[in-house]
1. Of the numbered conditions (1) assigned to a helix (DSSP H, G or I); (2) at pLDDT 95 or above; (3) in the same structural domain as residue A:282 (by the TED database), residue A:166 fails exactly one; give the number of that condition.
2. For segment A:262-310, name all the residues that are within 14 Å of chain B (Cβ to nearest Cβ), in a helix (DSSP H, G or I) and out of contact with any helix residue (DSSP H, G or I) (no Cβ under 7 Å at 6 or more places or on another chain).
3. Condition check: surrounded by fewer than 22 Cβ atoms within 10 Å (Cβ to Cβ), touching a helix residue (DSSP H, G or I) at 6+ places or on another chain (Cβ under 6 Å) and either in contact (Cβ under 8 Å) with a residue 40 or more places away in the chain or part of a helix (DSSP H, G or I) (or both). Does residue B:209 satisfy that?
4. Spot the failing condition for residue A:247; the list is (1) out of contact with any helix residue (DSSP H, G or I) (no Cβ under 6 Å at 6 or more places or on another chain); (2) surrounded by fewer than 19 Cβ atoms within 10 Å (Cβ to Cβ); (3) part of a loop (DSSP other than H, G, I, E, B), and only one is missed.
5. Need the failing condition index for residue B:36 against (1) closer than 20 Å to residue B:88 by Cα; (2) not in a helix (DSSP H, G or I), just the number.
6. What residue, among those in segment A:212-241 that are surrounded by fewer than 19 Cβ atoms within 10 Å (Cβ to Cβ), part of a helix (DSSP H, G or I) and more than 14 Å from chain B (Cβ to nearest Cβ), is farthest from the chain's Cα centre (by Cα)?
7. Within the group B:23, B:50, B:9, which residue is touching a strand residue (DSSP E or B) at 6+ places or on another chain (Cβ under 8 Å) and assigned by the TED database to the domain that holds residue B:117?
8. Limited to segment B:171-206, what total is found for residues that are part of a loop (DSSP other than H, G, I, E, B) and surrounded by 18 or more Cβ atoms within 10 Å (Cβ to Cβ)?
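The values are calculated or read from the model by the stated rules, or taken from the named source; none is laboratory data. Since the structure is predicted, the reported quantities are computational estimates derived from the model, not experimental observations. FYI the Cβ positions are ideal-geometry reconstructions off the backbone, even for glycines, and counts take in every protein chain you see.
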């Protein structure tokens, strides 16, 4: 089976490396030329939980995929705002039974992916593996996951099995989600609090837990997200989710979330519109106010403008 | 007439200097020992709109006011959270007709001052003079005001006249407010947007105007404040206030608001509870939601905790 990692930045490289080490036929693809060039010529240098690997995985820039390449499985790992462009580039390289796996942060990615493959061929999920990119060709992968996956429709269950086995062999710690939408919304709570707040306050996850008032911010954002989640038939308990988030921040305390890395370290635009922004938008479509999530999204955008992020 | 400046940091020193230069009998008082000691021994060095002055104005720490001193007029210029303590220290030094002038930022200071003098002896107001403190004994005063003042009750009108004439002679540019509560709430809109946002985003006032999203933040905070202001019978138009704020930010663009100076430059706790926090509290008492103002207050507090502000 030919596997493409469509979006091989920090997390994509990590998944690609884990799959490649298991003997899979993996191709890395990315839209960022320096990353594609570095890995193509010098291989991928990756630190996986403290151990260094140097892997010669084939890599192409998304505009330069050889025309005869066809993939059976595509893992989507772009930034949310680059998903559409990546799907366009990957479209000539998929066939009637290609499975697309999307464990990207953010809401409603499936509504765009479904324009390229049938719903039953989308394996959707979330993951708590964390990763970072030090420089082109040099990345790290941390944690132990899991990757929660599920199908959007009953007909997709076989494809979930295929991906589950693949991830299991590659030690990526897959779980089959009992309630996919709930898993997605719970991850939105993680990203909508940790990513947004660490980016605004310019701090590590542990700093949020150390401050009584930062914990209030976490709670207030969560409360709104939980209200909007009911639109998708997801009924979470805000207090339970809050305690889950505080525990999670404790576990990965020294980590800087990906949004912090994007904006503060690399001056790149963030995925905020697909997280807090998407919550506010979806809420507004269903007459559920989420003023704090909208405010948070605008504040991160103000910070992008202030830093002239690209 | 013996005049006390109760709270002689940046703005208090500036008002004290302007009054002293006009030949008034002024005494500076402050709770911060380094400031009191520096001015006592070396005089006040102050830059007023680009001109340097060195003035030997008497100064005492608030705990060391000579017992025989009695003041006819007290200008209150503490940080909001130090007002109560200052009033306690000043109480032995006021008499039956002492006038207290309060043009401090924040809501409802009069509810505390009224425990020390009759309502008719409180001259309340707001000012757009700006000031800063470089080091103990070294401050600057900028702008041209105005100082808007008014009385809380009709019987206080004579006292407003006294203060008006004093400020007029000292070129502090007084205006008699036609609607005192409206002036106070409009200033709350200024502080609730500019001070809070420049402190969170760590930027100058002009930076807010340069960003489309920062302007949205200004608008959303303003909209809530305007709604809560109705509790005090004040009916402002959010769009009009918003444009007033944007114009004001243009005029004083390079300035860093006092809250920024407190927290970012000097690692001191802020007055946020008396501005956005007070708006949210007052709103909540009257069943008017102000979630964004509460969120902003909590975020500034989170930042205080993060920086271990004193």
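1. Result: residue A:166 passes all but (3).
2. Scanning segment A:262-310 gives a single hit, A:284.
3. Numbers: surrounded by fewer than 22 Cβ atoms within 10 Å (Cβ to Cβ): yes; touching a helix residue (DSSP H, G or I) at 6+ places or on another chain (Cβ under 6 Å): yes; either in contact (Cβ under 8 Å) with a residue 40 or more places away in the chain or part of a helix (DSSP H, G or I) (or both): yes.
Yes.
4. So residue A:247 meets the others, but not (3).
5. (2)
6. Filtering segment A:212-241 for residues that are surrounded by fewer than 19 Cβ atoms within 10 Å (Cβ to Cβ), part of a helix (DSSP H, G or I) and more than 14 Å from chain B (Cβ to nearest Cβ), the one farthest from the chain's Cα centre (by Cα) comes out as A:239.
7. Details: B:23 fails: touching a strand residue (DSSP E or B) at 6+ places or on another chain (Cβ under 8 Å); B:50 fails: touching a strand residue (DSSP E or B) at 6+ places or on another chain (Cβ under 8 Å).
Only one candidate passes the filter, namely B:9.
8. So the first thing to find is which residues in segment B:171-206 are part of a loop (DSSP other than H, G, I, E, B), and the list is B:171-173, B:177-179, B:202-204.
From what is left, the residues that are surrounded by 18 or more Cβ atoms within 10 Å (Cβ to Cβ) are B:172, B:177, B:203-204.
Looking only at that region, the number is 4.
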